[in-house]
Amino acid sequence: MNNDELILEAKEFFNAHKTEIGKYVKKGLKVIPLSFEELSAFSIELSEKLLEKPEEILALFSEALEDLYSSLKDARIRLLELPESQKLKIREIRAKHLGKILEIEGIIRQASEVRPRVINAKFECPTCGTVITVLQIDTSYREPSRCTSCGRKAGFKELKKDMVDAQRLVAEETPESLTGGEQPRRINILLKEDLVEPKMEEKTTPGSKVRVIGVLREVPIYNRGGTVGTTFDIAIDANNIIPLEESFEEIEISEEEERQIKEIAADDNLFSKLASSIAPSVYGHTEVKLAIAMQLLGGVKKTRSDGTATRGDMHILLVGDPGVAKSVMLKFISSNAPKGRYVVGKSASKAGLTAAVVKDEILKSWSLEAGVMVLANKGIACIDEMEKMDEEDRSSMHEAMEQQTVTITKATIQATLRAETAVLGAANPKLGRFNIDEPISHQINMSPSLLNRFDLIFVLKDVPQKERDEMIASHVLMEHGGEKHLVDIIDSHLLRKYFAYAKQNIHPILTPQASQEIKDFYVNIRNPRGGASEDIKAIAISARQLEALIRLSEASAKARLSKKVTKEDARRAIKILHYCMLQVGFDAERGVFDIDRITTGITASERSKILTVKEILTKLESQKGKLIPIEDLIQELGNKITKEQLDEVLDKLKRDGDIFEPRRGFIQRV
């Protein structure tokens, strides 16, 4: 078939679909989506030609549309899908695919700024007046090599440049498409015209998962002398880019699935069902699993009266003995939650966690490459072995966890990226096993300021108990034997839809009864009756834990698909927080809750002893001079502190540089 016959065939196809095209014409749109499946069902000749010569056939389609509809001048055809033969992994692309139309899937890693780009230029020959058109495909601006009429080789006059908005993306293979130790491959994607409109640009930010349909082109690589090398780079000139659903907000839910979701929400055993459905291959840890389910649901993001925002996302840290399946839970969440990302501490750098600024070699500018906290925006970041990360790298997470932004000020880029990401972390104690008598900040290599960012901290202990050990052994053996569990759990696909439905449609509000319940708990735990008589009172919980309670209460209401947070939701949240505090924030010496065990590693009773010793040292210094005998200190303290406690306090003061021991048996203030 020649071009005229192909145009006639295309017109017949568009006439057969004039109802759909008419909708776009009425809206004044010049972008027409085209289904390859429908095209091949209508004309095998057209579909085969499209695969052989994509640019030529797409231009013919635009011409056919213009003939049929005068308003569709310069219409653009966007293909919705391609046959299986044209779907490739990035690593499978070879030289034979150059000039062919392909379909790939990947995650956007880099995105340059949108800039005008010349796609076509017209020149006039000063000798004979011939107008020569030159397509601008390369990175460098091309003039005609010679006049087609008179053979002139230089000095052409530029008449016109056709420019369009253009953007360059870098796409990387998705983790699930890799096998073994494969490193994900990358490819450049060139977008132009309507594909870089503001609405579309929002869907192609770093971290977005996309399907790209386009023509594979070669990109020349220039040597130092400015000559073109023999090796070429490749890029996909995109015909269409289709965002794939990834965040909870974008998941589509059918009527049947909605009915099943409402049935689950009405179940009396809803919360035990939700807990059992999180990592069902792991036995026990019901409270932890329920908290993780609440984390996936999240609270409600609000704007305060002064314009600042409060986060709705929760952060959870799992600390515990080896072999209690912390990593299994993290892996389950990262693979089943939309936009879930899994990172291992030692291999994560500051740039990998937040964002990096890299030089864009094609557009010769700086561009941002997003890290995990940005890639998982509106999702969850699972960070394993947090204690093995460098302190400098961990410190970069502070802003992302509390303010939910990542601010970059490097090279020519000053940017603030969104990082509305929930963090599920796991860490191991320094000495291998967790010691319940020591503050958590002494046992894991993490700064108290970072620990304080976590709403909930769970300690997973491996304590021998005959009955429980029998249940764990049976559970593990059943898993290895491939037997089905009789536990009532929700299928992971439906569970994902359940969380998505709750996040999309339910934005609960605190009722006065729930607010009063949380308020009473907060006031009573901070001001216990018959509390300790020391000068320094233990601060049981802080305002951070109060906000954590509100988020947990809202998540509980979301789980029930209720638009109101009831008293029962508040009690459920208090129960979860109380369970955490018993594990990591309880001062056994005084029998009270003390948040300082987590945030500073020093309890109120310890601080009271330190201040007592400091006061007596000041008093003795004024009486006996700078050199103070330890015996006099012990005598002055009397029964206030035991000998062991005094040794601990003196060691702490020496480490902090407040005192030193010039000679045995004597101490001196610095």
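For this structure, a couple of remarks:
- The listed residues are LEU178, LEU195, and the only one of them that is out of contact with any strand residue (DSSP E or B) (no Cβ under 8 Å at 6 or more places or on another chain), of a type in the set (A, V, I, L, M) and at pLDDT below 85 turns out to be LEU178.
- Inter-residue pairs, beta-carbon under 6 Å, first outside the structural domain of ARG544 (by TED's automatic domain parsing) and in the range 302-317, second in a loop (DSSP other than H, G, I, E, B) and hydrophobic (A, V, I, L, M, F, W, C), 6+ apart: GLY312/VAL300; HIS315/PHE454; LEU317/PHE454
- The residue pairs whose first member lies in the range 536-548 and is under 18 Å from ALA422 (Cα atoms) and of a type in the set (A, V, I, L, M), whose second member is in a loop (DSSP other than H, G, I, E, B) and modelled with pLDDT of 80 or more, and whose beta carbons are closer than 6 Å, counting only pairs six or more residues apart or on different chains, are ALA548/ASP455.
- When GLY155 is tested against (1) surrounded by 12 or more Cβ atoms within 10 Å (Cβ to Cβ); (2) not assigned by TED's automatic domain parsing to the domain that holds SER47, only condition (1) is not met.
- Some residue of the range 27-49 being within 40 Å of the chain's Cα centre (by Cα) and over 26 Å from ILE236 (Cβ atoms): yes
- First in the range 97-108 and assigned by TED's automatic domain parsing to the domain that holds ILE213, second anywhere and hydroxyl-bearing (Ser, Thr, Tyr), Cβ under 8 Å, 6 or more apart: GLU105/THR174; GLU105/SER177; GLY106/THR174; ILE107/THR174; ILE107/SER208; ILE108/THR204; ILE108/THR205; ILE108/SER208
- Leading residue by the ranking (modelled with the lowest pLDDT) among those in the range 203-222 that are surrounded by fewer than 21 Cβ atoms within 10 Å (Cβ to Cβ) and of a type in the set (Ser, Thr, Tyr): TYR222
A quick yes/no check of all residues on (1) over 22 Å from ASP569 (Cβ atoms); (2) surrounded by 17 or more Cβ atoms within 10 Å (Cβ to Cβ); (3) among the small types (Gly, Ala, Ser); (4) touching a His at 6+ places or on another chain (Cβ under 6 Å):
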| residue | (1), (2), (3), (4) |
| --- | --- |
| ILE261 | no, yes, no, no |
| TYR283 | yes, yes, no, yes |
| ALA293 | no, yes, yes, no |
| VAL300 | no, yes, no, yes |
| ASP313 | no, yes, no, no |
| ILE316 | no, yes, no, no |
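- Conditions (1) exposed (fewer than 15 other Cβ atoms within 10 Å of the Cβ); (2) among the polar types (S, T, N, Q); (3) modelled with pLDDT of 75 or more: number failed by THR612: (1)
- Residue check for LEU317: under 23 Å from ARG341 (Cα atoms), part of a strand (DSSP E or B), in contact with a strand residue (DSSP E or B) (Cβ under 9 Å, 6 or more places away or on another chain) and modelled with pLDDT of 85 or more: yes
- Residue selected from the range 267-281 under the condition of a type in the set (S, T, N, Q) and in a helix (DSSP H, G or I), by the criterion surrounded by the fewest Cβ atoms within 10 Å (Cβ to Cβ): SER272
The values are calculated or read from the model by the stated rules, or taken from the named source; none is laboratory data. These figures come from a predicted structure and were not determined experimentally. Don't worry about glycine lacking a Cβ; one is built from the backbone with ideal geometry, like all the others, and counts go over all protein chains shown.
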